[in-house]
Amino acid sequence: MSIADKNLMVKSLESQLADVLTMVQMSRVLQVVGEELTKYELVRTADEDYGSTDLLQAFLDAKKVEGRSEKTLERYKYLLQRLLDDVKVPIGRINVHHLRGYLSKEKERGIGDSTLEGFREVYSAFFGWLYKESLIQSNPCSNLGAIKIPKKVRLPYSDVDLQYIAEGCSSDRDKALMYFLHATGCRVSEVCALNRDAVDLTARECKVHGKGDKERTVYFDAVTAMMIKRYLDSREDDNPALFISQKRKQRLDGNAVRFILKGIESKSGGSLTNVHPHRFRRTLATDLIDSGMPIQDVAAILGHEKLDTTMKYVYLSNENIRSAYQRYMK
């Protein structure tokens, strides 16, 4: 405890005991308390008048100003409120043992390590911000180590997989959607948010808004442009969305796209497994790297700020590594 904090505590005791002790008694009590305080390393917690709800809202407001999306803010609020409801102590008194105990209970409940690591990253962002803003005296996450996640090989689609997917499409819309996902590597949320007028079929490019409402340009090939044109020419509605449902003529959402892909998977008779929209991003990243594109350019196409994130999308087969070695060692 700093000298300033020690003096504040002594003054607080003095004001609280003034009505019940004489001056001589007061002096002796404060002397004993002061001597005892020197034996301990104490920290003063955040003012409890500034409650947990206020601190949480202050954090969310700060992240909103920094440009975090509404979806991200909702996730922050949900995960942090669950933590606070469980530990049931003021934020300024939460320590690493509270966090470990909560994460341990979540693991016993069946929550996977990768999800728990996501929880930890949110807690680290929250308590790290509070500490930098001097709203808490110590950061309980400073000793909360990262959770080890088993490394899984996440395969891209093979050429055969892509052929099965193309053959499984039952409409011009589905073909245009599959080709577009593969050619652009867009997130499913980005594809669903696209409007028709955002797509330039002549230049074969379009602008999408990714995480944090960041705009970037993505590109596609001539075959994809042909598929989109064929699909748009077949439509008779005035919905501005690029991809819509066939019956209600409403903008497709992520769940609808995943449902379409699962239908294609089921029709393959077991030839396709683990078919989902995000796998197209992994496939494009791998194809571009295999073709020699610099990873910085691949990151820009996928909308990644960090190259480490892009590397997680790239599948390096032993055959590719061997070919690269032989090419550079000639």
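A Gaussian network model of the chain, with springs between Cα atoms under 10 Å, assigns the largest mean-square fluctuation among Leu155, Leu30, Leu80 to Leu30.
Listed by chain and number, the aspartates and glutamates placed with their C-alpha closer than 12 angstrom to that of Lys207 are Glu190, Asp197, Glu215; residues fewer than eight positions away on the same chain are left out. Only Lys, Arg, Asp and Glu carry charge here, each on its Cβ (+1 for the first two, -1 for the last two); on that basis region 76-184 has a dipole of about 600 debye about its Cα centre. Each residue in Met23, Met178, Met311 was given a count of other beta-carbon atoms within 10 angstrom of its own, and listing them fewest first yields Met23, Met311, Met178. Between helix 96-108 and the chain there is an angle of about 40 degrees, using the helix long axis and the longest principal axis of the Cα atoms. Since only Asn274, Ala203, Ala300 are under comparison, the one whose Cα sits farthest along the positive direction of the charge dipole of region 159-324, derived from C-beta charges on Lys, Arg, Asp and Glu, is Asn274.
Which of the following values of Cα Rg over 2.2 N^0.38 Å was calculated from the structure shown: (i) 1.04; (ii) 1.42; (iii) 0.99? Of the labelled values, this structure produces (ii). How big is the gap, in Å, between the Cα center of region 55-132 and the Cα center of region 204-260? Here the answer is 35 Å between Cα centres. Taking the average, over residues, of other Cβ atoms within 10 Å as the packing measure, peptides 259-265, 249-255 rank 259-265, 249-255 from highest down. Under a Gaussian network description of the chain, with springs only between Cα atoms under 10 Å, the residue in Val257, Val33, Val20 that fluctuates furthest is Val20. Angle of helix 278-290 to the longest C-alpha principal axis of the chain, folded into 0 to 90 degrees and rounded to 10: 70°.
Counting only residues at least eight positions apart within a chain, or on another chain, the lysines with an alpha carbon under 28 Å from that of Lys151 are Lys71, Lys105, Lys107, Lys211, Lys262, Lys306, Lys312.
Provide Cys186, Cys206 in ascending order of the number of other Cβ atoms located within 10 Å of each residue's Cβ, fewest first.
Cys206, Cys186
Overall, the chain carries a charge dipole of about 940 debye about its Cα centre when +1 sits on the Cβ of Lys and Arg and -1 on the Cβ of Asp and Glu, all other atoms neutral.
Taking a ≥ b ≥ c as the square roots of the Cα gyration tensor eigenvalues, with a/c under 1.5 meaning rounded and otherwise prolate when a/b beats b/c, else oblate, which class fits region 53-132? Verdict is oblate for region 53-132.
For the chain, the relative contact order comes to 14 percent (Cα pairs under 8 Å, sequence separation of at least 6).
Measure nothing but the geometry: give the 0 to 90° angle between the long axis through the Cα atoms of 318-328 and the longest principal axis through the Cα atoms of the chain, rounded to 10°. Computed tilt is about 80 degrees. Beta bridges per DSSP, both residues in the chain: antiparallel share near 100 percent. Look at the dipole of the chain built from charges on Cβ: of Asn95, Val160, Val65, the Cα furthest out on the positive end belongs to Val160.
Highest mobility in the GNM of the chain, judged by mean-square fluctuation with C-alpha springs under 10 Å and restricted to Asp238, Asp297, Asp200, is found for Asp238. Where only DSSP H runs of four or more residues are counted, the chain gives -18000 deg cm²/dmol as its mean residue ellipticity at 222 nm, each run worth -39500 (n - 2.57).
Every number in this text was worked out from the coordinates using simple rules, so none of it is lab data. Just so you know, these numbers come straight off a predicted model, no measurement behind them. Positions of Cβ are generated from backbone atoms using ideal geometry, with glycine treated the same way; all protein chains shown enter the neighbour counts.
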